[in-house]
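First up is the structure itself, then whatever we jot down about it.
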Amino acid sequence: MPATVPAAEPTASEIMMQRITGLRERLAALASAVPQLPDEFRNASDRLLGELQGRGPLAVVFLIIGFLALGTGAEWLFRRLTRPSRHRIATKPVATTSERLHAIALRFVFNLAGIAIFSVGSIGAFLAFDWPPLLRQVVVAYLVAIVMLRLVLMTSRFLLAPDRSAPGNADRFRLIPTSATVARFWHKRLALLVGWFAFGWATVDALRILGFAPEARAVVAYALGLGLLVIALMIVWTRPTLPSSEIPESGAPRRLSHTVASGLLSLYFVLLWGLWVAGLMGFFWLAAIALLLPTAISVTEKASRHALRPHEEAQNAGQTGLTAVYLDRGIRALLIAGAVLLLAYAWHIDLVEMTSRDTLLTRLVRGALSAIVILLVADLVWQVTKTLIDRRLARAQTLTSVDSETASREARLRTLLPIFRNVIFAVLAVVAVLMVLSALGVQIGPLIAGAGIAGVAIGFGAQTLVKDVISGVFYLLDDAFRVGEYIQSGSYKGTVESFSLRSVKLRHHRGPVYTVPFGELGAVENMSRDWVIDKFQIGITYDSDLEKARKIIKGIGQDMASDPEFAPNIIEPLKMQGVEQFGEFAIQIRCKMTTRPGEQFVIRRKAFARIKKAFQENGIKFALPTVQVAGGGDAMPAVAQEGLQLVKPSGIAE
């Protein structure tokens, strides 16, 4: 018996030709169905009228009015009974985030309950009256469209709060951060777009019920889809731009970028409509998700952060809470999972069956799904960690405690937490990339081994970099300096502004910034730790009363220590230690005080001003260079010239 020759797999060109042939046949069928539309509408009308021959026009009108009256009347009664509660919710002041969310949730529940009561009342019309089968199916199709439209509008009101009657209340209930004008624009355009889609879908379904041929229904659907495209293009070209800051110079570029973006979006929507008409639903959904998914993720992120924002009077307003991170990342995961399931459905991929097969394609798909899950988990871990660190940093920066131990601990946290955050990000990124490669089937063992060898080679070739990193680690472990402290190392000095893994940024008190590698710091002189002893000398005349001067300086020190302006920064008050030396024309007395680091300069200036004033009031004179001349004759001009040289500043010409 001859062996069976397996059928050859179709080539890419053959698959493309099959696609083109199928598309040509589809377009030809649609073109041939266009002349048949009048007959199709006539047949559908005859079929519907034939079913209604046993009923008069008044009976049919009564059925439709009863259908509308039961649903609308039940909802009107519900809204009338709940009007006081809804008004109280809308006008009640909210003082916290939880109160605002509670009010938003109650508004949503009341609106959802109204739609549910309308639906139940409308369904009651079908139970209360005897409907012809075809008419009942048509009315049900349009009822579903009405409920769909109302659900979308309710969601739009929930997110945008476009109410005109109470703009202040609408602003506080708005979840998406935008202006009232923009909110009303998108609410109206969304109502038009979804309304056209819902009633178009109901119309096509009603035509199916009335016996339209599939090709004729497709022609009507594509014509209605063309109207949907026109609405989308109108939204694209009339959508409001981002609010500018009234900068005339940026007006033309802003308008140009808006025009270019609108043109590209228009082409994209036309492409989507073309893919739908051509029957390429897999590519249609792929292009639609590529456009809508990033937008949905961005909008939900802004909405979650804005909804869970702290109250305006809260101390931590502007910080992102963990609840917002969980909500944002949870919604993002749901959106991505929904997009994956929708694409699998559009491309006819059975994810459950795929797990039992082991081909190259199934391995790649499973790896891609695993990679998405890994990246989502890594992103969640990073956002939670980043939020916790940022919150702790914000609390450390706003601390106003004068307790030295607490201040030192907070300063150390401000120093270490940014580095810790960068290290966590690097570790998470590396681990996530390795796990994604492993999920895609890449052997990461050789990569890790190769990375180790490359690390050793880089370590030998970049010894300075390794020295900087290791030196920085030990500087931080030794707590040599912190962010905000003033240090000096060799010719570099300034306030520590920030760190990286290999360098520190120092802001000089005159403005320049030094970026100094840790390996070049060497011995560090920290001028901002614990306390500072400030010593200075004052020259008074030989005939001054030293005891009186001591008491005056001591009194000034005690007065400044009791002054609320200086007391928090003075550890030991100003006092006179005694005579430092006998000069040629003055007695040098030495003064001393202990202050907090960095505050000695201001306190010293104030002390100088008070000492000058007190000495003048008590007859204590500051010593000035003097020359005593004795004798006469020719020696007197020479002595006078010598005295002038003592008191004349150097570098001044005669």
Task: For segment 85-176, accessible area per residue (1.4 Å probe, heavy atoms of protein chains only), Å² - done: 49 Å²
- [ ] Evaluate the distance, in nm, between pseudo-label points positioned 7 Å from the Cα of GLN558 and of ALA128 along their respective Cα→Cβ axes.
- [x] 9.6 nm
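Between ALA223 and ALA278, what length in nm is gained on full extension when 0.36 nm per residue of separation is reduced by their alpha carbon distance?
18.4 nm
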- [ ] Please give the length that would be gained between ARG590 and VAL381 if that part of the chain were fully extended, namely 0.36 nm times their separation in residues minus their C-alpha to C-alpha distance (nm, one decimal).
- [x] 69.2 nm
TODO: Could I have the simple spin-label model distance between ARG83 and SER98, label points 7 Å from Cα toward Cβ, reported in nm to one decimal?
DONE: 3.4 nm
- [ ] For segment 276-283, take each phi angle, set θ = phi - 60°, evaluate the Karplus expression 6.51 cos²θ - 1.76 cosθ + 1.60, and give the result in whole Hz per residue in order, putting x for glycine and proline.
- [x] 5, 5, 6, x, 8, 5, x, 5
Open item on the list: Taking all protein chains in place and a 1.4 Å probe, what share, in percent, of the accessible surface of segment 535-578 do carbon and sulfur account for?
Closed with: 48 percent
Task: VAL430/ALA368 FRET efficiency (R0 22 Å; Cβ-Cβ; nearest 0.05) - done: 0.60
Open item on the list: I want to check the label-to-label distance for ALA113 and GLU525. Put each point 7 Å from Cα in the C-beta direction and report it in nm to one decimal.
Closed with: 7.5 nm
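May I ask for the equivalent-ellipsoid semi-axes of segment 25-155, computed as the square root of five times each C-alpha gyration tensor eigenvalue and listed largest first in whole Å?
Equivalent-ellipsoid dimensions as semi-axes: 42, 23, 9 Å.
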TODO: Using the Karplus curve 6.51 cos²θ - 1.76 cosθ + 1.60 with θ = phi - 60°, work out ³J(HN,Hα) for each residue of segment 328-342 in order, rounded to whole Hz, and write x for Gly and Pro.
DONE: 4, 5, x, 5, 4, 5, 5, 5, 5, 5, x, 5, 5, 5, 5
Open item on the list: Sorting check: for 270-281, 198-209, which peptide has the highest mean count of neighbouring beta carbons within 10 Å, and how do the rest follow?
Closed with: 198-209, 270-281
Open item on the list: I need the phi-derived Karplus couplings for segment 195-200: 6.51 cos²θ - 1.76 cosθ + 1.60, θ = phi - 60°, integer Hz, Gly and Pro marked x.
Closed with: x, 4, 5, 5, 6, x
Task: PHE582-SER498 FRET efficiency (beta carbon distance; Förster radius 35 Å; 0.05 resolution) - done: 0.10
TODO: Multiply the residue gap between ASP171 and VAL513 by 0.36 nm, knock off their C-alpha separation, and tell me the result in nm, one decimal place.
DONE: 118.7 nm
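At 1.4 Å probe size, with the rest of the protein present, what percent of the exposed accessible area of segment 101-145 is carbon and sulfur atoms? Could you put the intermediate results ahead of the total?
Numbers: 1580 of 2060 Å².
Answer for segment 101-145 is 77 percent, counting heavy atoms of protein chains only.
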Task: Set of segment 277-306 residues, backbone N closer than 11 Å to the point 7 Å along the Cα-Cβ line of ALA28 - done: none
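The values are calculated or read from the model by the stated rules, or taken from the named source; none is laboratory data. Model, not experiment: these values are computed from the prediction. Note: ideal-geometry Cβ built from the backbone for every residue, glycine included; neighbour counts use all protein chains shown. Protein only, heavy atoms only, side chains kept; ligands, DNA and RNA dropped before computing areas. Shrake-Rupley method; radii C 1.70, N 1.55, O 1.52, S 1.80 Å.
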